[in-house]
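The values are calculated or read from the model by the stated rules, or taken from the named source; none is laboratory data. Because the structure is a prediction, the values reported are computed rather than measured. Cβ placement follows ideal geometry from the backbone for every residue including glycine, while neighbour counts extend to all protein chains displayed. SASA here: full protein model, heavy atoms, side chains in, ligands and nucleic acids out. Shrake-Rupley method; radii C 1.70, N 1.55, O 1.52, S 1.80 Å.
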Amino acid sequence: MTKPDAKLTDEQVQHVAKLSRLDLDPDQIHRFAQQLSDVLVHVAKLNELDVTNVEPMAHAMDVTNVMRDDEPQPALPVDDALANAPQRFDSFFQVPKVLGEGSGA
Amino acid sequence: MNPTQTTLLELRDAIAAKKISAKQAVTAYLDRIDQHNNTLNAYHETYADRALQRAQDVDADKVTGPLAGVPIAIKDNLATDWGVTTCSSKILENFRSPYTATAVAKLEAAGAVILGKTNLDEFAMGSSTENSAFGPTRNPWDTHRVPGGSSGGAAAAMAADLCAGSIGSDTGGSIRQPAALCGVVGFKPTYGRVSRFGLVAFASSLDQIGPLTRTVSDAALMLSVISGPDERDSTCASQQPRDYLAEVDQPVSGLRIGVAKQYISDTNDPAVNQAVDEAINMFRSCGAQIVEIDLPHTQYGIPTYYLVATAEASSNLARYDGVRYGRRCDDPKDLIDLYSRSRAEGFGEEIKRRIMLGTYALSSGYYDAYYVRALKVRRLIKRDFDLAFSSCDAILCPTTTAPAFRLGEKSDDPLSMYMNDVYTVNANLAGIPGISLPGGFTTVTHNGTPPQKLPLGIQLLGPVFEETKLLRIARMYESATTHHQVRPSL
């Protein structure tokens, strides 16, 4: 297990911004590095506790998967689903080229 | 009667008895909103024409139900198939939902008249309603102070009588904390009691919808209307709704009230501890037994919450990508650029900060150290409550450490803002219901300004799905006090 870092560098924050798909400028990166470091110092408090043999709890209630019969139900009409689209083409959401040259992939 | 100076229940009964028309009531609230919303900024938008039409339908007996004609405000993170649903975010500024949230649909099916949508911290992330793309809401008790958050618009609207009842959402205290700072009742039910369908997701394992009202009985009535199973939310509990109002006036006999030393800290404002002491005395004089309980993991709630909630948020907010709805940047050079710039332009600072924290806590190499560890501590926090409720019916504690703070006072210090939720987050982590009640007042001065009276909240926490008993206990406190009857002068 990686040991939690007490302090985040600008480079680490830049990496997290990339994972988060957030285009941030260097000033923002630097400010977030400081602020998130402060928060991480605070959350390091959790290391005071012995959590050996404690099962992680992602959900407070005893929930199980809910299934229904596989029967067709009315769905959102295409025009309603596309009504908020920033750009549509025919019955599709339109985005810049995904594959090949100039796709950024 | 003046329909804006009453309780939801009294107004409901007056409309039902045709002592006042629904149209008169709705008109009075719309006029009051016109008069005060410029100062308070509690509402994003109102639906005057729609509301008046609904009111006329009530008066013509075309619309009936337990809330017939009652003017209600809803938080602007609840989807409606009319108007816009913004979440106080630029990224959803023009978003028109194709469907309506179950809780809102249930209110309307019960005859309620939706007046409009209230301000919140962007995506419900915040404790002051200052993180709104459409400006902060101001506290009706002192307009230089915040109303709390994230349901700050709902709490301010309720406190200022700009609605007869309202609904908000509570992920870490977002109903209870603003209710406390604005001097109204705020009720977060058990996780799953109310369907989350149509509630814009922040942290799905913590989010819960609930009422903000003038009185406990009003909250009981609203919960009866909005709760119950929903096939469109598979985490919604299967329990059928109950008539919480029918039982609310029955005191609980043999009542045991738990008090934990971890909540009565020296760092609380002395007035807050005094309000809790007075509540203890009041319950004792009702014949309740006061039980000392131990919640040893209380202090770990904030770090646990800010890892769990941000991790879930980073995943939930991935959907805002500029593709299907919401803001899209100009001239994207490729798909990644479209995602990254649309999100950077559309999200406010706090949203970015939380997405980053959550993404970091879930990222390769840090997942176990942060996220999984937080989930383990979450279990310890829940165990504390399970054990405590074996010896008491409800836990009495403050809702907040202090009364409302001034606008701008904490906005440059995220961590100090996060500490606002120290007494509320644990209920969300454990899934238990909690209610904040008007618990008294304190007088403050700031730099020689005239003394200002500010409300304080006390909180009652109960075991999961024990809302009936929790509301009865809350009503016992309310019926022995007059704090809820005091209104701010506007």
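Taken together, A:Gln34, A:Gln14 contain a single residue that is within 13 Å of B:Thr359 (Cβ to Cβ), more than 8 Å from every other protein chain (Cβ to nearest Cβ) and in a helix (DSSP H, G or I), which is A:Gln14.
Taking the stretch A:48-105 as the range and being touching a strand residue (DSSP E or B) at 6+ places or on another chain (Cβ under 7 Å) and either of a type in the set (S, T, N, Q) or at the interface with another protein chain (Cβ under 7 Å from one of its Cβ atoms) (or both) as the test, the residues that pass are A:Ala85, A:Gln94. For the stretch B:236-247, the set of residues classified as surrounded by fewer than 17 Cβ atoms within 10 Å (Cβ to Cβ), touching a residue at least 40 places away in the same chain (Cβ under 8 Å) and more than 17 Å from B:Phe187 (Cα to Cα) consists of B:Gln239 only.
Taking the stated definitions as given, is B:Asp170 charged (D, E, K, R) and buried (at least 24 other Cβ atoms within 10 Å of the Cβ)?
On the way: charged (D, E, K, R): yes; buried (at least 24 other Cβ atoms within 10 Å of the Cβ): yes.
Taking the combined requirement at face value, the residue satisfies it.
On inspection, B:Asp337 qualifies as free of Cβ contacts under 8 Å to residues at least 40 places away in the same chain, closer than 29 Å to B:Glu93 by Cβ, open to solvent by less than 40 Å² (accessible area, probe 1.4 Å) and of a type in the set (Asp, Glu). Tell me, please, whether a residue that is in a strand (DSSP E or B) and either open to solvent by less than 10 Å² (accessible area, probe 1.4 Å) or away from chain A (no Cβ under 14 Å) (or both) can be found in the stretch B:158-165. For the stretch B:158-165, residues in a strand (DSSP E or B) and either open to solvent by less than 10 Å² (accessible area, probe 1.4 Å) or away from chain A (no Cβ under 14 Å) (or both): present. Taking the criterion of being open to solvent by 10 Å² or more (accessible area, probe 1.4 Å) and either within 14 Å of B:Ile435 (Cβ to Cβ) or not in a loop (DSSP other than H, G, I, E, B) (or both), the residues of the stretch B:185-213 that qualify are B:Arg193, B:Leu199.
Being surrounded by fewer than 16 Cβ atoms within 10 Å (Cβ to Cβ) and touching a strand residue (DSSP E or B) at 6+ places or on another chain (Cβ under 6 Å), is that true of even one residue in the stretch B:453-467?
The initial filter retains those residues of the stretch B:453-467 that are surrounded by fewer than 16 Cβ atoms within 10 Å (Cβ to Cβ), namely B:453.
Now restrict to residues that are touching a strand residue (DSSP E or B) at 6+ places or on another chain (Cβ under 6 Å): B:453.
Looking through the stretch B:453-467, at least one residue is surrounded by fewer than 16 Cβ atoms within 10 Å (Cβ to Cβ) and touching a strand residue (DSSP E or B) at 6+ places or on another chain (Cβ under 6 Å).
Answer yes or no: is there a residue in the stretch B:389-400 that is surrounded by fewer than 20 Cβ atoms within 10 Å (Cβ to Cβ) and either assigned to a helix (DSSP H, G or I) or at pLDDT 95 or above (or both). It would help to see each step written out before you state the result.
First, the residues of the stretch B:389-400 that are surrounded by fewer than 20 Cβ atoms within 10 Å (Cβ to Cβ): B:390-391.
After this cut, where a residue has to be either assigned to a helix (DSSP H, G or I) or at pLDDT 95 or above (or both) as well, the list is B:390-391.
Yes: the stretch B:389-400 contains one or more residues that are surrounded by fewer than 20 Cβ atoms within 10 Å (Cβ to Cβ) and either assigned to a helix (DSSP H, G or I) or at pLDDT 95 or above (or both).
A search for C-beta distances below 7 Å between a residue of the stretch A:6-33 that is open to solvent by less than 50 Å² (accessible area, probe 1.4 Å) and any residue that is part of a loop (DSSP other than H, G, I, E, B), counting only pairs 6+ apart in sequence or on different chains, returns A:Val16/B:Ser363; A:Ala17/A:Leu24; A:Ala33/A:Leu8; A:Ala33/A:Thr9. Evaluate the following for B:Val252: is it under 23 Å from B:Ala220 (Cα atoms) and not aromatic (Phe, Trp, Tyr)? In short, yes. Filtering the stretch B:16-46 to residues that are of a type in the set (Val, Ile, Thr) and over 24 Å from B:Ala155 (Cβ atoms) leaves only B:Ile20. Examine the stretch B:248-263 for a residue that is assigned to a helix (DSSP H, G or I) and over 24 Å from B:Asp386 (Cα atoms), and state whether such a residue exists. Checking the stretch B:248-263: not a single residue is assigned to a helix (DSSP H, G or I) and over 24 Å from B:Asp386 (Cα atoms).
Of all the numbered requirements in (1) within 14 Å of chain A (Cβ to nearest Cβ); (2) without any contact (Cβ under 8 Å) to a residue 60 or more places away in the chain, B:Ser390 misses one, and that requirement is (1). A Cβ distance below 7 Å, combined with a sequence gap of six or more or placement on separate chains, defines the contacts here; from the stretch B:368-385, residues that are over 15 Å from B:Gly358 (Cβ atoms) reach residues that are modelled with pLDDT under 95 and open to solvent by 40 Å² or more (accessible area, probe 1.4 Å) in the pairs B:Asp368/A:Met1.
Hey, which of the helices (runs of 4 or more DSSP H) in the stretch B:265-353, taking only ones fully inside, have at least 3 residues that are over 24 Å from the mean Cα position of the chain (by Cα) and aliphatic (A, V, I, L, M)? Spell out the reasoning first.
Values: elements: B:270-285, B:301-316, B:335-346.
Correct list: B:335-346.
Just one of the listed residues (B:Ile381, B:Ile293) is more than 10 Å from chain A (Cβ to nearest Cβ) and open to solvent by less than 20 Å² (accessible area, probe 1.4 Å), and it is B:Ile293.
Note on the stretch B:214-229: among residues that are open to solvent by less than 20 Å² (accessible area, probe 1.4 Å) and in a loop (DSSP other than H, G, I, E, B), the one that is farthest from B:Ala155 (Cα to Cα) is B:Gly228. Counting only residues that are more than 7 Å from chain A (Cβ to nearest Cβ) and within 22 Å of B:Tyr366 (Cβ to Cβ), the stretch B:305-346 holds 11 of them. Residues of the stretch B:202-221 that are within 14 Å of chain A (Cβ to nearest Cβ) and over 13 Å from the mean Cα position of the chain (by Cα): B:Ala203, B:Ser204, B:Ser205. Residues of the stretch B:347-363 being at the interface with chain A (Cβ under 7 Å from one of its Cβ atoms) and either buried (at least 23 other Cβ atoms within 10 Å of the Cβ) or charged (D, E, K, R) (or both), which ones? Answer for the stretch B:347-363, where residues must be at the interface with chain A (Cβ under 7 Å from one of its Cβ atoms) and either buried (at least 23 other Cβ atoms within 10 Å of the Cβ) or charged (D, E, K, R) (or both): B:Lys352, B:Arg353, B:Ile355, B:Met356, B:Leu357, B:Thr359, B:Tyr360. Taking the numbered list (1) touching a Ser or Thr at 6+ places or on another chain (Cβ under 9 Å); (2) surrounded by 19 or more Cβ atoms within 10 Å (Cβ to Cβ) in turn, B:Val276 passes all entries but (1).
May I ask you to say which residue of B:Ile336, B:Ile257 is β-branched (Val, Ile, Thr) and farther than 26 Å from B:Gly192 by Cα? Can you show your working first?
Values: B:Ile257 fails: farther than 26 Å from B:Gly192 by Cα.
The match here is B:Ile336.
Within the stretch B:364-378, the only residue that satisfies the criterion of being over 18 Å from A:Asp50 (Cα atoms) and either more than 7 Å from every other protein chain (Cβ to nearest Cβ) or polar (S, T, N, Q) (or both) is B:Ser364. Scanning the stretch B:364-378 for residues that are small (Gly, Ala, Ser) and surrounded by fewer than 24 Cβ atoms within 10 Å (Cβ to Cβ) yields B:Ser364, B:Gly365, B:Ala369.
In the stretch B:318-330, is there at least one residue being among the small types (Gly, Ala, Ser) and more than 15 Å from A:Asp23 (Cα to Cα)? Explain how you work it out, then say what you get.
Taking the stretch B:318-330 as the starting set, the residues that turn out to be among the small types (Gly, Ala, Ser) are B:318, B:322, B:326.
Subsequent filtering for residues that are more than 15 Å from A:Asp23 (Cα to Cα) retains B:326.
Looking through the stretch B:318-330, at least one residue is among the small types (Gly, Ala, Ser) and more than 15 Å from A:Asp23 (Cα to Cα).
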